[in-house]
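Report on the following structure.
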């Protein structure tokens, strides 16, 4: 059912209830007012009759009830407390207007009751009260309720006709107003229906009314912005993935074509396999990275976080990269506090270290050392990777952690020679751990990437990666590994105090 019709139906139901409630209240007020007017009239009539009784115009205590022809159209009776009539009018009849119980109540105080007679069309309202100065006698005066009944009947007819007309008019008005109110929404719907992927920059017109419709247009435009960014990422993904896959696939195809030629020797086939191996590894690595990002987008990384010391995890990751650093003429320097713990997934955390340090090794041209620090700052565990290379291009810093971000040709390369997914993967994994990551250029040259994770309470001491001191394994140097930060700070203070002052 359209919203306009639903709103009109709601208005009709609400108006009907309102008319019924107001009609009921008005009818009750009218009935109560007319009844009070009728009671006042009976009180005035009763007062006149009491005056006549006092003046002797109506005699009491005679054998049979007296009848006054002048009052034949009135309903008047005077009776004893036992119900014996002393005076009655023709319309009042020859039987008592009051029952025995009503006579008992009237003898004590004035009452109003309704009485019915076979010759009456409608009940009469009867006032009954003791006759002043005449002990044991009661006066009963009645008046017709025809006027009250007629008024209530006319009111019911008026409410039935007028109320129905009012409900119909209110429903039509609600239908018209709902249509006018929904017209901007319909306009937005028509504009949205005309949007297409060929015009991604087109946005909905925002009304200047500053109302709910305007806020809806702003929200839809914000949604369109996000969709456009997602569409741009998808197109960029297709373009980059196609570019990244084209070269290794072309090499694979060429080597397979050569390998299939007749007369190839075993040595030539072995060389072809040596060429194919790295290309297959590259394709597999790219597929794994894309799958990880897809899972991260769906919130389905499936982390198994366990509180553990970070020093041995970082050191193992650096050991695996030490041969690469050594071949590049670099030294990996690890400065780690042994008491820094955090709840991490060891496998995913290793990916973070591998991506950050591998990225630094690949782009630390002109640098001799890649420094890795593990420390605690307040309630955060901090892992920092520094190099002395050219640093990030300034225009790339705000988006260095976006997927497919790479330096433009002819500029400083910083985001990797691959598809530009390494730092994006780092950001997703760190955020899944409840942490943050930031990149910056250092004033003295080079770049720094900081990973901040929520620190855990210090757990039982694990075997350290090395003994205190400075140890070197190939391209990896560990300075102070295995020493808690408090002990290293104390050693440093002691060394400073024993050195001569300037």
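Please specify each residue of region 362-389 satisfying the condition of being more than 23 Å from residue 309 (Cβ to Cβ) and crowded, with 20+ Cβ neighbours inside 10 Å. Give the steps one after another, and end with the answer.
Of region 362-389, the ones more than 23 Å from residue 309 (Cβ to Cβ) are 362-369, 387-389.
Answer for region 362-389, where residues must be more than 23 Å from residue 309 (Cβ to Cβ) and crowded, with 20+ Cβ neighbours inside 10 Å: 363, 364, 367, 387, 388, 389.
Do we find that residue 357 is in contact (Cβ under 8 Å) with a residue 24 or more places away in the chain, surrounded by fewer than 23 Cβ atoms within 10 Å (Cβ to Cβ) and not in a strand (DSSP E or B) in this structure? No; evaluated as a whole, the condition is false for this residue.
Would you check if residue 323 is surrounded by fewer than 22 Cβ atoms within 10 Å (Cβ to Cβ), closer than 30 Å to residue 252 by Cα and at pLDDT 85 or above?
yes
Can you find a residue in region 77-92 that is surrounded by 17 or more Cβ atoms within 10 Å (Cβ to Cβ), in contact with a helix residue (DSSP H, G or I) (Cβ under 8 Å, 6 or more places away or on another chain), at pLDDT 80 or above and not in a loop (DSSP other than H, G, I, E, B)? Yes, region 77-92 contains at least one residue that is surrounded by 17 or more Cβ atoms within 10 Å (Cβ to Cβ), in contact with a helix residue (DSSP H, G or I) (Cβ under 8 Å, 6 or more places away or on another chain), at pLDDT 80 or above and not in a loop (DSSP other than H, G, I, E, B).
The residues in region 178-226 that are out of contact with any helix residue (DSSP H, G or I) (no Cβ under 8 Å at 6 or more places or on another chain) and under 30 Å from residue 22 (Cα atoms) can be counted, and the count is 2. The single condition among (1) in contact with a helix residue (DSSP H, G or I) (Cβ under 6 Å, 6 or more places away or on another chain); (2) at pLDDT 85 or above that residue 104 does not meet is (1).
The values are calculated or read from the model by the stated rules, or taken from the named source; none is laboratory data. Since this is a predicted model, take the numbers as computed values, not measurements. So basically every Cβ, Gly included, is an ideal-geometry build from the backbone, and we count neighbours across all protein chains shown.
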